[in-house]
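Have a look at the structure below, then the notes.
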């Protein structure tokens, strides 16, 4: 039995040797020392891809951000990204410092809110700002409630579009999909970058090694000065070990983590996912994991880019980028080890995303609507799972199954693969790509007293309609429930009916 | 800076921005949004709150979406939000609109509904004027304080652009 030298292994071992007192909630040496033949070997990847990486300016090196640093404590990749993007740039940073940074991308929304648009225009005029310093780095997405579902929304959209266009800002209009998916799929965001996104699920991009963070205030500062401040985060590590049981999916893992860590589990911190499950997980599932960081209070999620990430980026991203790595002696704020083989299909029950139960605890609950979509679970793999499960079945006559692909690329790929036809044949409603019903402003708003089972991001009270109940689950559970007319376990439905 | 106000207490943890003001009301004017402030948590609150009152809340107040829920809080005339802990997006959203959103571990047992409180952002203390007791609040970085004291992001930017032009 051999243990190939792999930087991920060394970094964990290094931490353990140098920091015997770091807080570890659970420690499983057996899982940690499993042979890791198919794990990412950075040196091998670099030598295999020498020509392309040189041509495209890709840098993958542990040393990045480590030069000229004396005996400082180790830094996390997320902290190195902030240091590199600080103005002026920094070599070393300490958690808790506020740094002024210039983002690589400032992603904004073609919003509903006409008042906000009027205020912003008036304020910028008042301040004498004519030219936006970041204008070539600002990208506006029409993803929330698009196309406009009401006259008021249309008015808001128009004002924002006019503002963006007047300043030469790129507007990606309705139908292209949700910012978090499009930024990654179209190669607009690349590893080692800071992407500030007006939408709160910005941590999604951590799946490709981006420091993706949302903003509350500071929007005007980005428009007027092109600068923002970021607090260098502490980082929580979630190690996911083992293999999933059949019928259990990445979204179940994400829901389970939310239940274990709670809504404050990474409050104001970075959240890294690692472990043998993550190494084997597809990119679609990695995005799902990182997306849920927001629900645990994380400012940014992170998965160390590996061969899977770089191969996924290959056909999509043509700009040069840098992959930062965490120092071996970095000390995590806390470490959670989760055995994914023990996880059942999960459901987050109303009205908290961390009130998570196995599906058996809520099976049989009547539903009015089943919803598949959002930046958490609106990707090709999610739709493929749904199509495979629903083939040959019909949606229960008392239930509306709504499918909202996360992006046009997803919708086109799903159409080509025949998934969309299968969904139509089962009487599902397939909408255009956008945020859909998740924020409760479009394509599937609920009435008081109605119940939905949904793959969307949150189940806060009133989010998808005042007085409605939201159960969050994986695409498989959502589709099985749509067939049954009540919350159901997908493992009870064979993938080839009748 | 010292602010005085009566406490409205919300002991529940994880009050999200969606609960502070549902997205369905986001198109309304600030004052109209204020009428829906925290209606899912306490339907009587918005109608009874007086200008200058404080919201005193549990852990992780303002978590969740980056939606501009602080507009409803300001629309209602609330003087400050003091909570056990506060979501980052809410803190910066509030600061950019000139609203103090201060983390103060222990506040939920320290203050009872209706207590007259004084928030001192120089000494980083909250005083209970009824009992005379005081409790430490978490200090905020200087630029955020400057932003709030100047009344929000716009005035801060005006001051900063002037400073940078003078150099």
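Since every read-out is calculated from the coordinates, none of them should be taken as a lab result. Please read these numbers as outputs of a predicted model, since none were measured by experiment. Every residue, glycine as well, gets a Cβ built from its backbone with ideal geometry; the counts of neighbours run over all protein chains shown.
Shape verdict for the range A:239-344, please, from the Cα gyration tensor: rounded (a/c under 1.5), prolate (a/b greater than b/c) or oblate. Because a/c hits 1.5 or more and a/b fails to exceed b/c, the range A:239-344 counts as oblate.
So what's the back-of-envelope 222 nm ellipticity for chain A, counting only DSSP H runs of four-plus at -39500 (n - 2.57) apiece and dividing by all residues, rounded to 500?
Details: 18 runs with 156 residues, N = 498.
Calculated at 222 nm, the ellipticity per residue is -8500 deg cm²/dmol.
Net length available on complete extension from residue A:361 to residue A:424 is 19.6 nm, with 0.36 nm assigned per residue and the Cα-Cα distance removed. Based on Cα contacts under 8 Å between residues 6+ apart, chain A shows a relative contact order of 17 percent.
Suppose R0 equals 35 Å. What FRET efficiency, 1/(1 + (r/R0)^6) with r the Cβ-Cβ distance, do residue A:121 and residue A:416 give to the nearest 0.05? Mind dumping the intermediate values first?
Working: r = 42 Å, r/R0 = 1.20.
So the FRET efficiency works out to roughly 0.25.
Computed from label points 7 Å out along Cα-Cβ, the spacing between residue A:48 and residue A:162 is 5.4 nm.
Averaged over the residues of B:13-19, the number of partner chain Cβ atoms lying within 10 Å of the residue Cβ comes to 6. Using R0 = 60 Å, the C-beta based FRET efficiency linking residue B:130 and residue A:280 works out to 0.50. Pairwise Cα distances in the protein assembly as shown exceed 37 Å for 35 percent of all pairs. Computed from label points 7 Å out along Cα-Cβ, the spacing between residue B:1 and residue A:100 is 2.0 nm.
Overall, the anisotropy analysis places chain B in the oblate class: the square-rooted eigenvalues a ≥ b ≥ c of its C-alpha gyration tensor yield a/c not less than 1.5, with a/b not exceeding b/c. Along the Cα→Cβ direction, 7 angstrom out, place labels at residue A:150 and residue B:146. What is the inter-label distance in nm? Between residue A:150 and residue B:146, the label points sit 4.1 nm apart.
DSSP assigns beta bridges within chain B; of those with both partners inside it, close to 45 percent run antiparallel.
Across peptide A:318-329, the average count of Cβ atoms from other chains found within 10 Å of a residue's Cβ is 0.
Per-residue mean of foreign Cβ neighbours for A:196-204 is 2 (Cβ atoms of other chains, 10 Å radius).
Taking 8 Å as the Cα distance limit and 6 or more residues as the minimum spacing, I'd like the relative contact order of chain B as a percentage.
Numbers: 377 pairs, mean separation 39.7, N = 167.
Result for chain B is 24 percent.
Would you please put A:254-267, A:450-463 in order of how densely packed they are, using the mean number of other Cβ atoms within 10 angstrom per residue and starting with the highest? Intermediate values should be presented prior to the final figure.
Details: A:254-267: 22.8, A:450-463: 25.1.
Descending mean neighbour count gives A:450-463, A:254-267.
Using only the Cα atoms of the range A:113-217, build the gyration tensor, take square roots of its eigenvalues as a ≥ b ≥ c, and label the shape rounded, prolate or oblate: rounded if a/c is under 1.5, else prolate if a/b is larger than b/c, else oblate. In terms of gyration-tensor shape, oblate.
Which distance in Å, rounded to a whole number, links the C-alpha centroids of the range B:45-109 and the range A:396-421? Between the Cα centres of the range B:45-109 and the range A:396-421 lies a distance of 40 Å.
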